[in-house]
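Enquirer: Provided herewith is a single structure, encoded as structure tokens, for subsequent inquiry.
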Amino acid sequence: MTTPLLSVENLSVSFDTPKGVVEAVRGISFEVGQERLGIVGESGSGKSQTGRAILGLTPGRVSADRIEFDGIDLRNAPARTMRNIRGRRISMIMQDPRYSLNPVMTVGWQIAEAYRVHTNANRREAKQRALEMLVTVRIREPEKVYGLYPHQVSGGMGQRVMIAMMLIPGPDLIIADEPTSALDVTVQLQVLAILDDMVRDRGMGLIFISHDLHLVSSFCDRILVMYGGQIMEVLDTGAMHRAEHPYTKGLLNCLPDLARRQETLPVLERDADWLLSRDGAP
Amino acid sequence: MIKVEGLEISFGAGANQVHAVRGASFDVARGESFGLVGESGSGKSTVLRAIAGLVPNWRGAIIIDGAALGRKRPRALHKRLQMVFQDPYGSLHPRHTVNDILKEPLIIHGMDDRETRILKALDEVGLGAGYRFRYPHQLSGGQRQRVAIARALILDPEIVLLDEPTSALDVSVQAEILNLLTRLRQERRLTYIMVSHDLAIVAHLCSRIAVMNRGAFIEEMSSDQLRTGTPEHGYTRQLLLASKGYDRAAIDQFVEFD
Ligand SMILES: Nc1ncnc2c1ncn2[C@@H]1O[C@H](COP(=O)(O)OP(=O)(O)OP(=O)(O)O)[C@@H](O)[C@H]1O
Ligand SMILES: Nc1ncnc2c1ncn2[C@@H]1O[C@H](COP(=O)(O)OP(=O)(O)OP(=O)(O)O)[C@@H](O)[C@H]1O
Ligand SMILES: [Mg+2]
Ligand SMILES: [Mg+2]
């Protein structure tokens, strides 16, 4: 790995709820360079909250010894600095595309607007760039799709519109939260290839959050496996089948296998010992 | 049980017209589970929505149990045919409790014994009575999807249309939902049509699979044919290759099929 773009040390995120404190992320540390870092784990394991905490986009309480991006301390950065960083230098592709798109604006206008707020481009230039971006994310008939409203595009098209919006300002780091879960496998790989090119050619960093273990394993340089807000193990690319932790193995076991027929699929058997807290108490 | 012939669906008019489904034809026997896979935007959801009566303009024939359907559906049919939608977040009303959500179809169809039916439906999908008065935001993604399935089952349908029922779920919850769907189909002899982009999931749940590309049905095969990797059409072979994971060199060889 080259010098890290982002360093995170001892990051925790917690929520006060009527039923007590929910510890969504518990003291995790990692670095991201000009590479593809994957985060996998079951639902509720803290993947999205980790991504959001970096950008200060969680309603939860964040504590960390360090969240440093390109020499800037993001923990105490003034609001103006954060506004400049968000979107322009670090983009986050959110998990629920339908919720992140404005229902009363056409999808094309929304992509063009994402370009305009980060550059001083005029409307015509912005529209041109937005159309090019639709082509990049492999939308067919981009002129037609430009004028559609979110409810008129298919699930996978909505997801690619979101990706186009996040890529258009040319960020240094992308946090992609389940960015391709609604795409068919071919388009999914083509979209990943675009992100891959941006990592290779432009030296971008990518945090790729997904529950697709095989995909992450074949795509990412390193993978953090999360459970209960903690990192269970870190795996290198393609090393999923060499995973050691029973949790990772359990997750892999749940997947239906194209190569063989099974009547019933195994489900995950959790073990409280996986979550020994940092001070040793369970 | 279900016969679709020459289904054609377009949206919009003039230069902006989208020809979403182009001559789809297929048959599904009672108790069978039929899978639909294909490119994003190829018309999979639209086919399901047309069968469910949610698309106003279509041409061709949709025949259920020997009766051809028209634009207007008899109320009794809604009871026999239910759909689970692609988006588990958007399909449940955020300000209705699980109880409200499950009661609504019972009221519409004038069913009695509501209390018993609601408790039974919750039990069947593995959510106890304790979830009855929760709101959707108080449920996990998997629990929400269980509520959506309970809502589809509460009227005792014969046909269930499943649009990407597990794509928003993690692998463990996905396994639970797939096991649940398998069990319910066996117990109640349900007929399924399921859309998914995950070939392993379709092969797991379905015995026959149709592949769609740009609105058209290009190939139909058994799940065993898919498993042994012997589909005929180039697009299907490309899908199979893509499902093996990320391979930059292979991706550069991908072609578009018309
Ligand atoms: N606003 C909130 N109030 C209370 N708890 C919350 C809130 N937001 C998130 N949490 C909790 O934080 C934990 C981590 O959530 P997070 O969204 O990071 O999970 P995730 O790993 O992204 O899961 P998924 O795969 O389902 O998206 C969960 O237990 C969740 O219930
Ligand atoms: N209400 C609508 N108005 C205009 N176009 C629509 C409408 N609904 C669907 N379409 C178009 O019909 C085509 C097929 O959409 P559909 O949702 O059936 O695709 P899909 O195969 O389910 O894709 P995905 O896998 O991405 O969900 C798309 O081009 C979409 O933009
Ligand atoms: Mg998440
Ligand atoms: Mg769809």
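Enquirer: Can you pull out the trypsin sites (Lys or Arg not before Pro) in the range B:87-146 whose DSSP state is coil and whose Cβ has at most 13 other Cβ atoms within 10 Å?
Expert: Details: sites: B:Arg95, B:Lys103, B:Arg114, B:Arg117, B:Lys120, B:Arg132, B:Arg134, B:Arg144, B:Arg146; in loops: B:Arg95, B:Arg132, B:Arg134.
Sparse-neighbourhood loop trypsin sites (Lys or Arg not before Pro): B:Arg95.
Enquirer: To continue, here is another question. Computed FRET efficiency, Cβ-Cβ of B:Asp113 and B:Ile63, R0 25 Å: what is it to the nearest 0.05? Please list the in-between numbers first.
Expert: On the way: r = 32 Å, r/R0 = 1.29.
About 0.20, to the nearest 0.05.
Enquirer: Still on this structure, I have one more. Relative contact order for the range B:106-258 using alpha-carbon pairs under 8 Å, separation at least 6, rounded to a whole percent? It would help to have the intermediate numbers written out before the result.
Expert: Details: 128 pairs, mean separation 21.5, N = 153.
Relative contact order, the range B:106-258: 14 percent.
Enquirer: Can I ask one more? Within chain A, what percent of beta bridges assigned by DSSP are antiparallel, to the nearest 5? Don't skip to the end; give the middle numbers.
Expert: Values: 24 of 43 bridges.
Beta bridges within chain A, antiparallel portion: roughly 55 percent.
Enquirer: Whole number please: convex hull volume per residue, Cα atoms of chain A, in Å³. Write down the numbers at each step before the final one.
Expert: On the way: hull volume 45.7 nm³, N = 282.
Enclosed volume per residue, from the Cα hull, is 162 Å³.
Enquirer: So what is the relative contact order for the range B:2-251, in percent, with contacts set as C-alpha pairs under 8 Å and at least six apart? The partial results should precede the final answer.
Expert: Values: 428 pairs, mean separation 66.4, N = 250.
So the answer I get is 27 percent.
Enquirer: Would the range B:196-244 count as rounded, prolate or oblate if I go by the C-alpha gyration tensor, calling it rounded below 1.5 in a/c and otherwise prolate when a/b exceeds b/c, oblate otherwise? Walk me through the numbers before you get to the answer.
Expert: Numbers: a/c = 1.36, a/b = 1.21, b/c = 1.12.
Rounded.
Enquirer: To continue, here is another question. For the range B:215-232, take each phi angle, set θ = phi - 60°, evaluate the Karplus expression 6.51 cos²θ - 1.76 cosθ + 1.60, and give the result in whole Hz per residue in order, putting x for glycine and proline.
Expert: x, 10, 7, 9, 6, 10, 8, 7, 5, 5, 4, 5, 4, 7, x, 10, x, 8
Enquirer: Name the long-range amide H neighbours of B:Arg208: under 5 Å, sequence gap of 5 or more, or other chain; modelled H, no Pro or chain starts.
Expert: Close amide H contacts, sequence-distant or interchain: B:Ser33, B:Gly35, B:Ser223.
Enquirer: Per-residue Cβ counts within 10 Å, from other chains only, averaged over B:39-49: what number is that?
Expert: Numbers: counts 8, 19, 13, 3, 1, 4, 2, 1, 0, 0, 0.
Taking the mean over all residues of the peptide, I get 5.
Enquirer: If you don't mind, there's one more thing I want to ask. Distance check, please: which entries in A:Lys47/B:Lys120; A:Lys144/B:Lys3; A:Lys144/B:Lys44; A:Lys19/B:Lys120 exceed 24 angstrom between their Cα atoms?
Expert: In this structure, A:Lys47/B:Lys120; A:Lys144/B:Lys3; A:Lys19/B:Lys120 exceed 24 Å between Cα atoms.
Enquirer: State to the nearest 20 debye the size of the charge dipole of chain A about its Cα centre, where the only charges are +1 on K and R beta carbons and -1 on D and E beta carbons.
Expert: For this selection, approximately 1080 debye.
Enquirer: Go ahead and set up a Gaussian network model of chain B, Cα springs under 10 Å, then flag whichever of B:Val195, B:Val55, B:Val47 fluctuates most.
Expert: Top of the fluctuation ranking is B:Val55.
Enquirer: For chain A, build the charge dipole from Cβ charges (+1 Lys, Arg; -1 Asp, Glu) around the Cα centre, then report which of A:Leu74, A:Thr119, A:Gly44 sits farthest towards its positive end.
Expert: A:Thr119
Enquirer: So which GluC sites (Glu not before Pro) in the range A:1-41 end up in coil per DSSP with only 16 or fewer other C-beta atoms within 10 Å? The partial results should precede the final answer.
Expert: Values: sites: A:Glu9, A:Glu23, A:Glu31, A:Glu35; in loops: A:Glu35.
For GluC sites (Glu not before Pro) across the range A:1-41 that sit outside H, G, I, E and B with at most 16 neighbouring Cβ atoms in 10 Å, the list is empty.
Enquirer: What Kirkwood Rh does chain B have if only Cα atoms enter the pairwise 1/r average? Answer in Å. Please report the intermediate quantities before stating the final value.
Expert: Values: mean 1/r = 0.0518 Å⁻¹.
For chain B, inverting the mean 1/r across all distinct Cα pairs yields 19.3 Å.
Enquirer: Here's something else I'd like to know. Taking the dipole about the Cα centre of the protein assembly as shown, with the C-beta of Lys and Arg at +1 and of Asp and Glu at -1, give me whichever of A:Thr186, A:Met92, B:Thr46 is farthest to the positive side.
Expert: The listed residue farthest towards the positive side: B:Thr46.
Enquirer: I've got another one for you. Can you compute the label reach from B:Ser222? Point 7 Å from Cα along the Cβ direction, backbone N cut-off under 17 Å, restricted to the range B:229-258.
Expert: B:229-232
Enquirer: In whole Å, what is the distance between the alpha-carbon centres of the range B:91-147 and the range A:144-167?
Expert: Between the Cα centre of the range B:91-147 and that of the range A:144-167, the gap is 32 Å.
Enquirer: Amide H of B:Val84 versus every other amide H placed in the peptide plane: which residues, excluding those fewer than 5 positions away on the same chain, fall under 5 Å?
Expert: The answer is B:Leu161, B:Leu162, B:Asp163.
Enquirer: I've got another one for you. Which loop-located trypsin sites (Lys or Arg not before Pro) does the range A:190-282 contain, where loop means any DSSP state but H, G, I, E or B and the Cβ has at most 15 other Cβ atoms within 10 Å?
Expert: Hits after loop and neighbour filter: A:Arg260, A:Arg261, A:Arg270, A:Arg278.
Enquirer: Separation between the B:Glu256 and A:Thr17 pseudo-spin-labels, each 7 Å from Cα along Cα→Cβ, expressed in nm?
Expert: 4.6 nm
Enquirer: Principal axes first, then extents: for the Cα atoms of the range A:1-158, list largest minus smallest coordinate on each axis, whole Å, largest first.
Expert: The Cα atoms of the range A:1-158 stretch 48, 37, 30 Å along the principal axes, largest first.
Enquirer: Suppose we take every Cα in the protein assembly as shown and form the convex hull; what volume per residue is that in Å³? Please report the intermediate quantities before stating the final value.
Expert: Values: hull volume 84.8 nm³, N = 540.
Normalising the Cα hull of the protein assembly as shown by residue number yields 157 Å³.
Enquirer: Which FRET efficiency, nearest 0.05, do A:Asn120 and A:Met82 yield, Cβ-Cβ r, R0 25 Å?
Expert: Numbers: r = 21 Å, r/R0 = 0.84.
The pair A:Asn120/A:Met82 has a calculated efficiency of 0.75.
Enquirer: Report ³J(HN,Hα) in whole Hz for each residue of the range B:179-185, in order, from the Karplus equation J = 6.51 cos²θ - 1.76 cosθ + 1.60 where θ = phi - 60°; Gly and Pro get x.
Expert: For the range B:179-185, the Karplus-derived couplings read 5, 4, 5, 4, 5, 5, 5 Hz, x marking Gly and Pro.
Enquirer: Something else now. Put +1 on the Cβ of each Lys and Arg and -1 on the Cβ of each Asp and Glu in the range B:2-251; which of B:Gly110, B:Ile154, B:Ala250 then has its Cα farthest toward the positive end of the dipole?
Expert: B:Gly110
Enquirer: Once you keep just the Cα pairs under 8 angstrom separated by 6 or more residues, what percentage relative contact order results for chain A? Mind dumping the intermediate values first?
Expert: Numbers: 508 pairs, mean separation 64.4, N = 282.
For chain A, the relative contact order is 23 percent.
Enquirer: Taking the Cα centre of the range B:2-251 as origin, work out the dipole magnitude from +1 charges on Lys and Arg Cβ and -1 charges on Asp and Glu Cβ, in debye rounded to 20.
Expert: Working: 32 positive and 27 negative charges, 110 e Å.
That gives the range B:2-251 a dipole magnitude of about 520 debye.
Enquirer: With +1 on each Lys and Arg Cβ and -1 on each Asp and Glu Cβ, and nothing else charged, work out how big the dipole of the protein assembly as shown is about its Cα centre, in Debye to the nearest 20.
Expert: On the way: 64 positive and 64 negative charges, 351 e Å.
Rounded to the nearest 20 debye, it is 1680 debye.
Enquirer: Amide H neighbours of B:Ser10 under 5 Å, at least 5 residues apart or on other chains, H built in the peptide plane: list them.
Expert: B:Ala20
Enquirer: Calculate one ³J(HN,Hα) per residue across the range B:98-110 by plugging θ = phi - 60° into the Karplus curve 6.51 cos²θ - 1.76 cosθ + 1.60, and present them in order as whole Hz with x for glycine and proline.
Expert: Calculated HN-Hα couplings, in order: 3, 4, 4, 4, 7, 6, 3, x, 5, 5, 4, 9, x Hz.
Readers should treat all values here as calculations from the given coordinates under stated rules, not as data from a laboratory. Nothing here was measured: the structure is a model prediction, and the numbers come from that model. So basically every Cβ, Gly included, is an ideal-geometry build from the backbone, and we count neighbours across all protein chains shown.
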